[in-house]
Amino acid sequence: MKRTLACLLLVLAAIGCVPPAVDHSYRAKSQDSRAQFLILHFTGGTWEGSLKILTEGPVSSHYLVRDNPVQVYQLVDESQRAYHAGQSSWKGQTQLNAASIGIEIQNAGDTQGTNGIEYHEYPKGQIDAVVALVKGIVARHGIRPDRILGHSDIAPHRKVDPGPTFPWKRLADEGLIPWPDAAAVAERRMGYEAKLPEVLWFQTKLEQHGFAITKTGELDAATREILAAFQMKYRPARYNGTPDAETAALLDVLTAPAAKAP
Ligand SMILES: [Zn+2]
């Protein structure tokens with residue numbers, strides 16, 4: 001019997017059916033995780049609908065964080081690619097599905113209210129779960145603080161999630177993302193109150209920050225969308241997409257080399 005098996009293996013090896021034995025004794029120093037980015041989303045729907053789309057549809061995410069009751073679900077292994085970023089870009093990187101971990105946070109998203117579009121608050125317990133999850137992912141994959149982003153950062157013309165109610169400042173306070181120093185922003189703001197920079201200056205700074213933008217020198221619809229995405233994150237009290245002194249100061253401080261590390 002053993003002999004028959006040995007013969008069979010020899011025949012299979014001869015026709016290339018048996019994989020070669022692999023020796024793992026040499027390891028390369030130059031390697032890191034395929035996950036370089038962490039992208040945060042809101043689901044923008046009901047829990048049942050979100051779960052169905054993310055498990056049965058053409059889109060997916062590694063994690064789904066329910067709001068009530070708060071529960072973290074893993075839908076895709078971290079070693080696998082999930083489909084949550086879509087057409088997107090950050091600092092020239094466009095293959096973001098292949099290079100990221102995605103977290104969908106259950107939230108109704110942007111809905112039509114009596115006074116226009118409304119956004120919904122995230123319960124504190126849900127954010128606590130997101131923060132703990134993010135910390136674990138960052139530790140496992142060595143993701144840089146400036147690469148923890150929202151869907152609206154990487155796709156500002158299509159997406160607004162996780163929206164202006166998402167507490168980015170909490171992530172900054174936890175040491176997870178860079179945040180502009182308030183005193184430096186206040187100081188620079190005074191200068192920009194006296195003289196607001198040209199649109200081209202804003203476009204150049206937005207590009208330096210990471211957005212894919214066409215520097216037209218005009219306050220076009222695309223530039224407004226990117227400005228709104230930036231404001232939603234760093235100045236959620238007003239995100240009208242209009243260039244102003246505070247936005248200029250925030251951009252200036254964030255793009256200064258010293259602001260890179262939290
Ligand atoms: Zn999204």
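The values are calculated or read from the model by the stated rules, or taken from the named source; none is laboratory data. Every value quoted in this text rests on a predicted model; they were computed, and no experiment measured them. Here the Cβ positions follow ideal geometry from the backbone for every residue, glycine too, while neighbour counts run over all protein chains shown. Remember, those area values only see protein heavy atoms, side chains included, never the ligands or the DNA or RNA. Shrake-Rupley method; radii C 1.70, N 1.55, O 1.52, S 1.80 Å.
Per-residue answers, yes or no, for (1) charged (D, E, K, R); (2) more than 28 Å from residue 100 (Cα to Cα):
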site	(1), (2)
149	no, no
165	no, no
205	yes, no
217	no, yes
227	no, no
230	no, no
233	yes, no
241	no, no
254	no, no
_Of everything in region 47-99, what is away from the ligand (no atom under 15 Å from the Cβ), in contact with a strand residue (DSSP E or B) (Cβ under 9 Å, 6 or more places away or on another chain), assigned to a strand (DSSP E or B) and not polar (S, T, N, Q)? Give them in sequence order._
66, 67, 72, 73
_Near pairs, Cβ below 7 angstrom, 6+ apart or cross-chain, from region 132-157 (among the polar types (S, T, N, Q)) to any residue that is part of a helix (DSSP H, G or I) and within 16 Å of the ligand (Cβ to nearest atom)_ = 152/229; 152/232
*Any residue in region 113-134 that is at pLDDT below 95, on the phi < 0 side of the Ramachandran plot, of a type outside the set (A, V, I, L, M, F, W, C) and assigned to a loop (DSSP other than H, G, I, E, B)?*
yes
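Any chance you could count how many residues in region 187-211 are part of a loop (DSSP other than H, G, I, E, B) and open to solvent by 60 Å² or more (accessible area, probe 1.4 Å)?
Final tally of qualifying residues: 3.
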*Take the residues of region 143-155 that are outside any helix (DSSP H, G or I) and within 12 Å of the ligand (Cβ to nearest atom): which is surrounded by the fewest Cβ atoms within 10 Å (Cβ to Cβ)?*
149
_Candidates 94, 114, 165 - the one that is over 12 Å from the mean Cα position of the chain (by Cα), more than 23 Å from residue 74 (Cβ to Cβ) and open to solvent by less than 40 Å² (accessible area, probe 1.4 Å)_ = 165
*Which condition number in (1) over 19 Å from residue 171 (Cβ atoms); (2) open to solvent by less than 60 Å² (accessible area, probe 1.4 Å); (3) small (Gly, Ala, Ser) is the one that residue 30 fails?*
(2)
*Could you tell me whether residue 104 is surrounded by 13 or more Cβ atoms within 10 Å (Cβ to Cβ) and in a strand (DSSP E or B)?*
yes
*Within region 38-89, which residues are open to solvent by 80 Å² or more (accessible area, probe 1.4 Å) and among the hydrophobic types (A, V, I, L, M, F, W, C)?*
53
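Inspect region 243-262 for any residue being in a loop (DSSP other than H, G, I, E, B) and open to solvent by 70 Å² or more (accessible area, probe 1.4 Å) and give the result as yes or no. Break it down into steps so the answer makes sense when it comes.
Step one: filter region 243-262 for residues in a loop (DSSP other than H, G, I, E, B), giving 243-244, 256, 261-262.
This time we only want the ones that are open to solvent by 70 Å² or more (accessible area, probe 1.4 Å), so: 261-262.
Yes, there is a match, as at least one residue in region 243-262 is in a loop (DSSP other than H, G, I, E, B) and open to solvent by 70 Å² or more (accessible area, probe 1.4 Å).
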